[in-house]
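Report on one structure; see the data block that follows.
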Amino acid sequence: MKHAEDLGLEINFSQMTGRAVEEDVIGVDQFKIDAETREITACPQGHQPIFSLYNEKKQVYTAKFYKEHCQNCPLLEQYQVKEQKRAYHISFSENKIRTDQTRSKIGTDRHQELSNYRAGVEGVPSVLKRAYRLEHLPVRGQVRSKIWIFVSII
(Lines give C-alpha, C1' and ligand atoms only; values in the text may rest on other atoms or scores of the structure.)
Protein backbone atom coordinates (compact mmCIF):
# COMPACT_ATOMS: atom_id res chain seq x y z
CA MET A 1 0.00 0.00 0.00
CA LYS A 2 1.49 3.34 -1.06
CA HIS A 3 0.61 6.95 -0.65
CA ALA A 4 -0.57 8.71 -3.82
CA GLU A 5 2.68 10.68 -4.19
CA ASP A 6 4.66 7.43 -4.30
CA LEU A 7 3.01 6.36 -7.57
CA GLY A 8 5.74 8.07 -9.57
CA LEU A 9 3.55 10.74 -11.12
CA GLU A 10 5.64 13.53 -12.64
CA ILE A 11 4.81 17.04 -11.53
CA ASN A 12 4.99 20.03 -13.85
CA PHE A 13 4.57 23.37 -12.06
CA SER A 14 3.90 25.26 -15.29
CA GLN A 15 0.54 23.54 -15.84
CA MET A 16 -1.18 25.03 -12.81
CA THR A 17 -4.22 26.77 -14.23
CA GLY A 18 -7.77 27.27 -13.10
CA ARG A 19 -9.38 28.74 -10.04
CA ALA A 20 -7.70 28.80 -6.65
CA VAL A 21 -8.60 26.20 -4.04
CA GLU A 22 -9.71 27.17 -0.55
CA GLU A 23 -7.01 26.96 2.11
CA ASP A 24 -8.89 24.57 4.39
CA VAL A 25 -9.55 21.89 1.72
CA ILE A 26 -7.65 18.62 2.07
CA GLY A 27 -6.30 17.43 -1.28
CA VAL A 28 -7.08 14.07 -2.82
CA ASP A 29 -3.37 13.25 -2.78
CA GLN A 30 -3.83 12.45 0.93
CA PHE A 31 -5.92 9.33 0.14
CA LYS A 32 -3.91 6.12 0.23
CA ILE A 33 -3.82 4.27 -3.10
CA ASP A 34 -2.54 0.76 -3.79
CA ALA A 35 0.19 0.99 -6.45
CA GLU A 36 -0.64 -2.38 -8.03
CA THR A 37 -4.44 -2.34 -8.18
CA ARG A 38 -4.67 1.48 -8.37
CA GLU A 39 -7.58 1.45 -5.92
CA ILE A 40 -8.16 3.71 -2.93
CA THR A 41 -7.34 1.70 0.19
CA ALA A 42 -7.93 4.32 2.91
CA CYS A 43 -8.99 7.88 3.54
CA PRO A 44 -6.58 10.32 5.21
CA GLN A 45 -8.05 9.31 8.59
CA GLY A 46 -7.26 5.63 7.86
CA HIS A 47 -10.79 4.30 7.23
CA GLN A 48 -11.16 1.68 4.51
CA PRO A 49 -13.75 2.19 1.78
CA ILE A 50 -16.81 0.01 1.27
CA PHE A 51 -16.15 0.03 -2.45
CA SER A 52 -13.17 1.14 -4.52
CA LEU A 53 -12.61 1.11 -8.26
CA TYR A 54 -10.08 2.45 -10.77
CA ASN A 55 -11.21 3.09 -14.35
CA GLU A 56 -8.12 2.69 -16.55
CA LYS A 57 -9.77 4.11 -19.65
CA LYS A 58 -10.80 7.37 -17.97
CA GLN A 59 -8.01 7.26 -15.34
CA VAL A 60 -10.52 7.94 -12.56
CA TYR A 61 -10.45 6.72 -8.96
CA THR A 62 -13.78 6.10 -7.22
CA ALA A 63 -14.55 5.06 -3.65
CA LYS A 64 -17.43 4.96 -1.19
CA PHE A 65 -16.98 5.22 2.58
CA TYR A 66 -19.27 4.26 5.47
CA LYS A 67 -21.50 7.11 6.56
CA GLU A 68 -20.80 6.34 10.23
CA HIS A 69 -17.07 6.97 9.77
CA CYS A 70 -17.48 10.14 7.72
CA GLN A 71 -20.19 11.77 9.86
CA ASN A 72 -18.03 11.42 12.98
CA CYS A 73 -14.91 12.72 11.23
CA PRO A 74 -13.73 16.14 12.48
CA LEU A 75 -12.32 16.94 9.03
CA LEU A 76 -15.47 16.13 7.03
CA GLU A 77 -15.95 19.73 5.87
CA GLN A 78 -12.39 19.79 4.49
CA TYR A 79 -12.71 16.61 2.39
CA GLN A 80 -14.00 16.70 -1.15
CA VAL A 81 -16.55 13.93 -0.60
CA LYS A 82 -20.22 13.96 -1.57
CA GLU A 83 -22.93 12.70 0.73
CA GLN A 84 -25.22 10.08 -0.76
CA LYS A 85 -28.14 8.14 0.68
CA ARG A 86 -26.12 5.32 2.30
CA ALA A 87 -22.49 6.43 2.01
CA TYR A 88 -20.05 9.20 1.20
CA HIS A 89 -18.63 9.13 -2.33
CA ILE A 90 -15.42 10.50 -3.82
CA SER A 91 -14.22 10.42 -7.40
CA PHE A 92 -11.11 12.05 -8.84
CA SER A 93 -8.69 11.73 -11.76
CA GLU A 94 -4.94 11.18 -11.84
CA ASN A 95 -4.59 14.76 -13.01
CA LYS A 96 -6.33 15.91 -9.81
CA ILE A 97 -3.79 13.93 -7.76
CA ARG A 98 -0.91 15.60 -9.60
CA THR A 99 -2.49 19.03 -9.14
CA ASP A 100 -2.99 18.52 -5.41
CA GLN A 101 0.56 17.20 -5.01
CA THR A 102 1.85 20.31 -6.76
CA ARG A 103 -0.25 22.61 -4.59
CA SER A 104 1.07 20.92 -1.45
CA LYS A 105 4.66 21.50 -2.60
CA ILE A 106 4.19 25.18 -3.42
CA GLY A 107 5.53 27.32 -0.60
CA THR A 108 8.06 24.78 0.63
CA ASP A 109 11.74 25.69 0.87
CA ARG A 110 12.62 23.39 -2.04
CA HIS A 111 9.97 24.98 -4.28
CA GLN A 112 11.26 28.46 -3.43
CA GLU A 113 14.83 27.35 -4.21
CA LEU A 114 13.80 26.01 -7.62
CA SER A 115 11.76 29.14 -8.37
CA ASN A 116 14.73 31.36 -7.63
CA TYR A 117 16.96 29.25 -9.88
CA ARG A 118 14.50 29.48 -12.75
CA ALA A 119 14.18 33.25 -12.35
CA GLY A 120 17.96 33.57 -12.71
CA VAL A 121 18.11 31.38 -15.79
CA GLU A 122 15.28 33.27 -17.52
CA GLY A 123 17.53 36.35 -17.79
CA VAL A 124 19.82 34.76 -20.40
CA PRO A 125 17.16 34.22 -23.11
CA SER A 126 15.72 37.64 -22.32
CA VAL A 127 19.06 39.37 -22.97
CA LEU A 128 19.60 37.39 -26.16
CA LYS A 129 16.17 38.36 -27.47
CA ARG A 130 16.47 42.05 -26.59
CA ALA A 131 20.15 42.78 -27.30
CA TYR A 132 20.64 40.56 -30.35
CA ARG A 133 17.08 40.76 -31.73
CA LEU A 134 16.73 36.97 -31.96
CA GLU A 135 12.99 37.18 -32.46
CA HIS A 136 13.41 39.12 -35.72
CA LEU A 137 16.06 37.29 -37.74
CA PRO A 138 16.34 38.44 -41.39
CA VAL A 139 17.12 34.86 -42.53
CA ARG A 140 15.19 31.60 -42.71
CA GLY A 141 16.32 28.04 -42.11
CA GLN A 142 18.09 26.34 -39.24
CA VAL A 143 21.66 26.57 -40.59
CA ARG A 144 21.39 30.22 -41.65
CA SER A 145 19.76 31.12 -38.33
CA LYS A 146 22.56 29.44 -36.37
CA ILE A 147 25.20 31.29 -38.39
CA TRP A 148 23.39 34.63 -37.98
CA ILE A 149 23.05 34.19 -34.20
CA PHE A 150 26.67 33.11 -33.81
CA VAL A 151 27.98 36.08 -35.82
CA SER A 152 25.66 38.51 -34.00
CA ILE A 153 26.90 37.43 -30.59
CA ILE A 154 30.58 37.60 -31.65
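Over 31 Å between Cα atoms: which of 32/57; 64/105; 85/105; 32/85 fall into that group? Cα-Cα > 31 Å for 85/105; rest within.
Accessible area per residue for region 59-107, computed on protein heavy atoms with a 1.4 Å probe, is 59 Å². So which residue, out of 34, 100, 24, gets the largest mean-square fluctuation from a GNM of the chain using Cα contacts under 10 Å as springs? It is 24. Residue 111 sits among other residues whose Cβ lies under 13 Å from its own Cβ, and their net charge, with Lys and Arg +1 and Asp and Glu -1, is +2. Net charge of the neighbourhood of residue 152, taken over other residues with C-beta under 15 Å away and scored Lys/Arg +1, Asp/Glu -1, is +4. Taking every DSSP helix (H) stretch of at least 4 residues in the chain, weighting each as -39,500 (n - 2.57) and dividing the sum by the residue count yields a mean residue ellipticity at 222 nm of -10000 deg cm²/dmol. Taking all protein chains together, 28, 60, 143, 121 sort by accessible area into 143, 121, 60, 28, largest first [probe 1.4 Å]. Of the residues 49, 154, 66, the one whose Cα sits farthest towards the positive end of the charge dipole of the chain is 154 (charges of +1 on Lys and Arg Cβ, -1 on Asp and Glu Cβ, taken about the Cα centre). Assuming charge only on the beta carbon of Lys and Arg (+1) and of Asp and Glu (-1), the dipole of region 30-154 about its Cα centre is about 680 debye to the nearest 20. Over the chain, what is the mean sequence separation of C-alpha contacts under 8 Å (at least six apart), divided by residue count, expressed as relative contact order in percent? Reported as a whole number, the value is 18 percent.
Run the accessible area of the chain with a 1.4 Å probe and give the carbon-and-sulfur part as a rounded percent. Carbon and sulfur together cover 49 percent of it.
The values are calculated or read from the model by the stated rules, or taken from the named source; none is laboratory data. The structure presented is a predicted model; accordingly, all values stated were derived computationally and were not measured. Note: ideal-geometry Cβ built from the backbone for every residue, glycine included; neighbour counts use all protein chains shown. The protein model used for the area step is the full one, side chains on, heavy atoms only, and it has no ligands, DNA or RNA in it. Shrake-Rupley method; radii C 1.70, N 1.55, O 1.52, S 1.80 Å.
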